[in-house]
Amino acid sequence: MLSRKRKLFLYKLFSLFSVVRGYNILIIVIAQYLAAKYILAPKKGFMEIAFDGHLFALIFASAVAIAAGYIINNFYDAEKDLINRPKKSMLDRLVSQRTKIVTYFILNFISVIIASSVSFNAVIFFSVYIFGIWFYSHKMKKIPLLGNLTSAMLAITPFFAVFIYYRNLSSVIFVHATFLFLLILIREFIKDLENIKGDLAQNYKTIPIIYGEKVSKGFITLAAIIAISVTVFLISHYDTGYMRFYFYGSTTLLIISVIVLYKATSKSHYLLLHNILKFIIVAGVFSIPLLNIEAILNKITNVL
């Protein structure tokens, strides 16, 4: 039997994990390694990439900086989340605001120190990234549209650390990044509709609050059309291997999402759309190996 003190410690640990959204960070780490292996450096062996110390440092620094970003975002959104996510908010409040701030500074310091083991440019990159997250949480997120665009851009920024490390900035990389950016942007627009009650109470100037839900749905539709156009361009101009089936599926889900969007009238409907977008993004991460599935199958065959 655990003592009451140990139980409280475990609850606080779980609360901190909830605040930093450890599950999201894990997905980002996996995505960075898969992108490194199958997009940025396909000729390198998996073990060579897995045991690359500098790559590990960059990905670890990214994970720590993202965790710090979630903490500062949670710090500023504490009152709003009480309205929008009361259950999660009560769990998050097991960790005091003071502890969150202290942890935030410690994590940012660790991120920069780890980056310094790679290069001075990496230190500059993560310092700017950390400042960008703080500035977004403190000021930018309350500005309609610009806040959404900034949030989506910050979400894909850690991948550019890996892109630059491999010095691979080919056009196909930017097309993939654009598709991911649009998916995240759509999710951000949907979150504004989902959280309209709390945003209104805390005087957040989001698109649905300033311009109305119809205009917000129009932005989502436009972003979805552009995302579908990007997938068509990607499939027709580049070799996407069996990952093309993921793009077919994601296009179908985006079309379904737009149809559901115009019938949506409650928070539960927007939550459903949010989860669909999250599924498309996570499925995309685990579909990356499909870009070169033949090589994987050949290796398995050789081993057998």
Among the residues of segment 165-173, are any closer than 23 Å to A57 by Cα and either small (G, A, S) or free of Cβ contacts under 8 Å to residues at least 24 places away in the same chain (or both)?
yes
Out of G284, G241, G218, which single residue is under 22 Å from the mean Cα position of the chain (by Cα) and not basic (K, R)?
G284
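Yes or no, residue by residue, for (1) within 18 Å of the chain's Cα centre (by Cα); (2) part of a helix (DSSP H, G or I); (3) among the polar types (S, T, N, Q); (4) crowded, with 20+ Cβ neighbours inside 10 Å:
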{"residue": "I30", "(1), (2), (3), (4)": "yes, yes, no, no"}
{"residue": "A36", "(1), (2), (3), (4)": "yes, yes, no, yes"}
{"residue": "I39", "(1), (2), (3), (4)": "no, yes, no, yes"}
{"residue": "Y104", "(1), (2), (3), (4)": "no, yes, no, yes"}
{"residue": "A115", "(1), (2), (3), (4)": "no, yes, no, yes"}
{"residue": "I124", "(1), (2), (3), (4)": "no, yes, no, no"}
Got a sec? Which of K217, K191, K197 is in contact with a Phe, Trp or Tyr (Cβ under 7 Å, 6 or more places away or on another chain), basic (K, R) and under 20 Å from T265 (Cβ atoms)?
K217
When you go through (1) at pLDDT below 95; (2) more than 17 Å from L180 (Cβ to Cβ) one by one for R244, which number turns out not to apply?
(2)
Go through segment 169-232 and tell me which helices (runs of 4 or more DSSP H), entirely inside it, have 3 or more residues that are crowded, with 20+ Cβ neighbours inside 10 Å.
171-194
Looking at segment 255-272 only, could you name the residues that are among the hydrophobic types (A, V, I, L, M, F, W, C), within 15 Å of G218 (Cβ to Cβ), in a helix (DSSP H, G or I) and touching a residue at least 24 places away in the same chain (Cβ under 8 Å)?
V258, L261
Output for Cβ contacts, cut-off 6 Å, separation at least six or different chains, first residue small (G, A, S) in segment 205-223, second modelled with pLDDT of 90 or more, reads S216/L193; S216/I207; S216/P208; A223/L182; A223/L185; A223/I186
Matching residues in segment 142-168 (under 19 Å from K80 (Cβ atoms) and of a type in the set (S, T, N, Q)) number 3
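The values are calculated or read from the model by the stated rules, or taken from the named source; none is laboratory data. Here the structure is a predicted model, which is why all the values come from computation and not from measurement. Glycine gets a Cβ as well: all are built from the backbone with ideal geometry, and neighbour counts include every protein chain shown.
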